[in-house]
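Student: Below you will find the structure I want to go over with you.
The values are calculated or read from the model by the stated rules, or taken from the named source; none is laboratory data. Because the structure is predicted, anything quoted here is derived from the model rather than measured. FYI the Cβ positions are ideal-geometry reconstructions off the backbone, even for glycines, and counts take in every protein chain you see. When the accessible area is computed, the model is the full protein with side chains, heavy atoms only, and any ligands, DNA or RNA have been set aside. Shrake-Rupley method; radii C 1.70, N 1.55, O 1.52, S 1.80 Å.
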Amino acid sequence: MEPKSTDISLVKEIDETKQGDVFFQEQLAGKKADKHFYIESYGCAMNFSDSEIVASILGEIGYAPTKEISESDLILINTCSIREKAEETVRKRLRIFDKVKRKKPGTLVGVLGCMAERLKSKLLEQEKLVDLVIGPDAYRSLPQLVAEATEGEKGVNVLLSREETYADINPVRLQSNGVTAFISIMRGCDNMCSFCIVPFTRGRERSREPFSIVAEATELFNKGFREVTLLGQNVDSFLWKNPETGKEINFARLLEMVALVHPDLRVRFSTSHPKDITDEVLHMIAQYENICNYIHLPVQSGNSRILKLMNRTYDRNWYKERVDAIYRIIPDCAISSDMIAGFCSETEEEHKDTLSIIEYAKYSMSYMFFYSERPGTLAAKKYEDDIPLKTKKRRLSEIIDIQMRVSLEHNKKDIGQTYKILIEGNSKKSEFDYKGRNSQNKMVIFPKVEGLNPGDYCYVEITDATSVTLKGLCVENK
Ligand code: SAH
Ligand code: SF4
Ligand code: F3S
């Protein structure tokens, strides 16, 4: 089984319902567009969120989004470098764009995001069709670079910033279902996990001004949205200092500020780092019904020696203690994880520690990968990528097998329980069913009931479960 790529699924699940299309059209209504851009996004939710910022910046110069690539004057691809395969996918898409460009000369092609940042102007040499290369902190230069590219001048801006948070930009919700949205609360990462390219592609960590976050959440709520996910590579280290008063706002306080926007606005967040998640945050989650009881707490490995090599700065016992604290303070919390199989020098015994941590933490689900060496990272410089691909894949499939079993057990326990569900739209398989999530972030499918619409809450009794979804019947409307 091919492992799912982290966080992509978060976004892919927001599939293009009819309602989403309506929302997309409404945002365009009344805006006169001279030109169109088409954008594809890969990688984590941060990238999808950035594409919405890009859409806003392009809107200012008369470019409207289109879902038809053949209609576009500007094709953009927001890229990911996290694993080699992510970059291969992007190169394949560029081959396709080449064909479109041949049919419609003058179409511009731009590479945005992490691959743009990693490869910089090398991308222009490697991929002849590319006209623009723009890194994650340089999207404000899009108007100028697009204008220059229209005149035939290729452009690159990959400057990283210590301040840029795009706080003042009002994102255009591109793939929206009109119910759930992402809000970027910080950028970059200061952690330097040895396997990870993100600190190199996204630069230093910085937190966004919290009142602009609350304003964005409020605006979304007023437009009918009922759930926001606060995004950052390490949300627990969110810290903003008021330059005038010196007063600090940490992640727990930010959670509270967003939860107070409205009791009907659900608040989620991703990603938490085991070294930074505090009891203060856990108590805040327990205190507010609308802060969801779900924590994505990537372990990466269950073995202390490997965790040290990974530079994760916690060990197995520390991680177990954090899991214990979560279940103590928020008894019905679901925890999910990311795991990497076959990191440099990992032995069979050490791999087994990852298998056993799945059982210990009782993850509701996980994103699972085999190690992919990334040029320039600490691990690439210091350690040999010495686990054969075959072994990496076998270990990964063992991790997936155990996780599937643990997920099934987790979901089976929900049978007979009644959960408050936020309806997101039609189920993928049937227009007679709705899909929605409970607080624990589990997808629940249930037959439609008259009078209920996407964006409404309802109570669903769970009648059946697989390792990935719950099924049920609506028992009561809100
Ligand atoms: N900030 C998040 C993770 C962001 S990257 C965190 O600290 O947990 C998403 C996931 O991709 C990581 O959690 C890790 O499991 C995986 N990943 C990162 N680099 C990788 C690599 N070189 N090979 C395989 N998986 C990797
Ligand atoms: Fe990468 Fe580690 Fe930062 Fe996550 S915390 S983005 S894994 S360096
Ligand atoms: Fe990929 Fe960049 Fe996100 S490398 S996972 S898109 S921060």
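Student: So how many residues does region 376-385 have that are open to solvent by 70 Å² or more (accessible area, probe 1.4 Å) and either within 13 Å of ligand 1 (Cβ to nearest atom) or part of a helix (DSSP H, G or I) (or both)?
Tutor: 2
Student: Being crowded, with 22+ Cβ neighbours inside 10 Å and not hydrophobic (A, V, I, L, M, F, W, C) is the filter; apply it to region 50-64 and report the residue that is nearest to ligand 1 (Cβ to nearest atom).
Tutor: My answer is ASP50.
Student: What number goes with the only condition from (1) in contact (Cβ under 8 Å) with a residue 60 or more places away in the chain; (2) over 23 Å from TRP318 (Cα atoms); (3) among the aliphatic types (A, V, I, L, M) that ILE415 does not pass?
Tutor: (1)
Student: Using the structure shown, decide if LEU422 is outside the structural domain of ASP338 (by TED's automatic domain parsing) and either out of contact with any His (no Cβ under 9 Å at 6 or more places or on another chain) or under 23 Å from LEU309 (Cβ atoms) (or both).
Tutor: Yes, satisfied.
Student: May I pose another question? How many residues does region 144-189 contain that are within 24 Å of ALA215 (Cβ to Cβ) and open to solvent by 40 Å² or more (accessible area, probe 1.4 Å)?
Tutor: Residues in region 144-189 being within 24 Å of ALA215 (Cβ to Cβ) and open to solvent by 40 Å² or more (accessible area, probe 1.4 Å): 5 in total.
Student: Return only the number of the condition from (1) open to solvent by less than 50 Å² (accessible area, probe 1.4 Å); (2) closer than 15 Å to TYR42 by Cα; (3) in contact (Cβ under 8 Å) with a residue 40 or more places away in the chain that GLY110 does not satisfy.
Tutor: (3)
Student: While we're here: Please count how many residues of region 354-369 are over 15 Å from CYS196 (Cβ atoms) and surrounded by 20 or more Cβ atoms within 10 Å (Cβ to Cβ).
Tutor: From region 354-369, those over 15 Å from CYS196 (Cβ atoms) are 354-366, 368; that's our starting set.
Within this subset, residues satisfying the condition of being surrounded by 20 or more Cβ atoms within 10 Å (Cβ to Cβ) are 354, 357-358, 361, 363-366, 368.
Qualifying residue count for the region: 9.
Student: Only one residue in PHE182, PHE195 is out of contact with any Pro (no Cβ under 8 Å at 6 or more places or on another chain), within 15 Å of ligand 3 (Cβ to nearest atom) and more than 22 Å from ILE249 (Cα to Cα), so which one is that?
Tutor: PHE195
Student: If the requirement is being open to solvent by less than 10 Å² (accessible area, probe 1.4 Å), assigned by TED's automatic domain parsing to the domain that holds ASN78 and in a helix (DSSP H, G or I), which of these qualifies: GLU117, GLU125?
Tutor: After ruling out the rest, the residue left standing is GLU117.
Student: So which of SER207, SER212, SER194 ends up being open to solvent by less than 40 Å² (accessible area, probe 1.4 Å), small (Gly, Ala, Ser), over 29 Å from CYS292 (Cβ atoms) and not assigned by TED's automatic domain parsing to the domain that holds LEU58? Working first, answer last.
Tutor: Numbers: SER207 fails: over 29 Å from CYS292 (Cβ atoms); SER212 fails: over 29 Å from CYS292 (Cβ atoms).
Every option except SER194 fails the conditions.
Student: Sticking with this one: For region 243-277, which residues satisfy the criterion of being assigned to a loop (DSSP other than H, G, I, E, B), away from ligand 1 (no atom under 16 Å from the Cβ) and open to solvent by 10 Å² or more (accessible area, probe 1.4 Å)?
Tutor: Within region 243-277, PRO243, GLU244, THR245, GLY246, LYS247, LEU260, VAL261, HIS262, PRO263, ASP264 qualify.
Student: Here's something else I'd like to know. Answer with yes or no whether ARG226 is of a type in the set (Lys, Arg), open to solvent by 10 Å² or more (accessible area, probe 1.4 Å) and touching a residue at least 60 places away in the same chain (Cβ under 8 Å).
Tutor: Taking the combined requirement at face value, the residue satisfies it.
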